[in-house]
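S.K.: Quick one: this structure, given as structure tokens, is what I'll be asking you about.
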Amino acid sequence: MTIVTRAAGREDVEVLARFWFEHMNERPGMERWRAVAHCPWYDEAPNHGWIAVDDGRIVGAMALVHSTRHIQGRAEKLCNIGSLYVLKPYRGRGLAKTIARESTSDPSITYFGIDAAPQTRAVLEPDAVGFNILDDRRYFWRARTARHDDSLWMRGGDAVDLAAIHDGDRPMFERHVALGMYPLLLRREGRECRVLLWIRNKHDDTMYHEALYISDPCLFAECAQAAAARLIGNADAVLAADSRFFPRPPPGAEVEKLRQPRHFKSSRLSPEYIDLLYSEVPLLGLKLS
């Protein structure tokens, strides 16, 4: 028995998607798993995941969702570390660690894991793989504590004209709105903040409006309390964002510990520049912990 670990190519996409569908989770459906294996925003992705193959059969795999982003005036390559699964007969041999180590070895890429399952955390957390904590807290705002702010201009959802978004954000917004995200624009005194929200019911049936992308964290922090009042009204809901986006605790925000910390590995970007777009979350329709 000779097991080979390697990058998955375009020719592996269908078999890889079926591997995750049949062995890991059928709920998202084959179409979503295909999107994970072949990102819809890439014509030629660096790879389509990382696989372990035994006699021509996939016996283990890690999802790698690649993207190229313009951050701080330069093009940056990012990769979301996603689903990791090894067939039971092949466990206990260090195969998952080998996949994790090999698949995250390119120093030109910033790797990040969002809500890693236990088997993924087990291989990301040891120092030998090189991952660190990206974030372990989030801030959130309840509508009932907000005051009305006449200086705040706000548009959300279908009221946002995506065609009017400029400076490179437009394709990003169009792609993620197509995947079910909610666009939000905030303006005050000549400044603008563009936000992409992921809205899911979780944590004792509280509806979380989670900011996965914030173009201007300082303006967002100033406006979040008033925005929460208009956005969620009297519903059992909150507006939320990870703590690393903000240089200091935002006014009026409550804080909670993430049930699972987020991880990253990068020699190029500090945590505040790593958001949660271009990831398994919208591709699979996942809830954040």
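S.K.: Order the following by accessible area, largest value first: K77, K202. Probe radius 1.4 Å; ligands, DNA and RNA are ignored. Kindly include the intermediate steps, with their values, before the conclusion.
M.R.: Values: K77 85, K202 15 Å².
The residues order as K77, K202, largest area first.
S.K.: Related question: Which whole-number percent is the relative contact order of the chain (Cα, under 8 Å, 6+ apart)?
M.R.: Value for the chain: 20 percent.
S.K.: Choose one answer from G233, G168, G113: the residue with the largest mean-square fluctuation in a GNM of the chain with alpha-carbon springs under 10 Å.
M.R.: Largest GNM mean-square fluctuation: G168.
S.K.: Counting DSSP beta bridges in the chain, what percent are antiparallel, to the nearest 5? Numbers along the way, then the final one.
M.R.: Values: 55 of 64 bridges.
Rounded to the nearest five, the antiparallel share is 85 percent.
S.K.: Stokes-Einstein at 4 °C, 1.567 mPa s, Kirkwood radius from Cα pairs: D for the chain in µm² s⁻¹?
M.R.: Diffusion coefficient, whole number: 65 µm²/s.
S.K.: Ok, one more. Considering only protein heavy atoms, with the full assembly of protein chains and a 1.4 angstrom probe, order E44, E280, E222 by accessible area, largest first.
M.R.: E44, E222, E280
S.K.: Rounded to the nearest 10 Å², what accessible area does H23 have for a 1.4 Å probe in the complete protein model?
M.R.: Near enough 70 Å² of accessible area.
S.K.: If you don't mind, another one. If the viscosity is 1.567 mPa s and the temperature 4 °C, what Stokes-Einstein diffusion coefficient in µm²/s follows for the stretch 223-273 when Rh is the Kirkwood radius over Cα pairs?
M.R.: Here the translational diffusion coefficient equals 98 µm²/s.
S.K.: Of the heavy-atom accessible surface of the stretch 169-238 (probe 1.4 angstrom), what whole percent is carbon and sulfur?
M.R.: Carbon and sulfur: 44 percent of the exposed surface of the stretch 169-238.
S.K.: So, one more: Determine the relative contact order of the stretch 217-289: mean sequence separation of Cα pairs under 8 Å and six or more apart, normalised by residue count, in whole percent.
M.R.: Taking the mean separation of contacting Cα pairs over the length of the stretch 217-289, I get 29 percent.
S.K.: Could you estimate the translational diffusion coefficient of the stretch 164-275 from the Stokes-Einstein equation, with Rh from the Kirkwood formula over C-alpha pairs, at 25 °C and 0.890 mPa s, in whole µm²/s? Working shown, then result.
M.R.: Numbers: Rh = 15.2 Å.
So the translational diffusion coefficient is about 162 µm²/s.
S.K.: Give me the lysines in straight-line cross-link reach of K265: C-alpha distance below 18 Å, same-chain residues under 8 apart excluded.
M.R.: Straight-line reach from K265, under 18 Å: K77, K97.
S.K.: Looking at the chain as a GNM with Cα springs under 10 Å, which of G190, G29, G92 has the largest mean-square fluctuation?
M.R.: Top of the fluctuation ranking is G190.
S.K.: Please determine, in degrees from 0 to 90 and to the nearest 10, the orientation of helix 13-23 with respect to the longest principal axis defined by the Cα atoms of the chain, where the helix direction is its Cα long axis.
M.R.: 90
S.K.: Out of all DSSP beta bridges in the stretch 1-156, what portion is antiparallel? Express it as a percent rounded to 5.
M.R.: Restricted to the stretch 1-156, the bridges split so that about 85 percent are antiparallel.
S.K.: Rounded, prolate or oblate: which one fits the stretch 165-210, using the alpha carbon gyration tensor with axes a ≥ b ≥ c (rounded when a/c is under 1.5, else prolate when a/b beats b/c, else oblate)?
M.R.: Oblate.
The values are calculated or read from the model by the stated rules, or taken from the named source; none is laboratory data. Model, not experiment: these values are computed from the prediction. Each accessible area value is taken on the protein alone, full model and side chains, heavy atoms only, with ligands, DNA and RNA left out. Shrake-Rupley method; radii C 1.70, N 1.55, O 1.52, S 1.80 Å.
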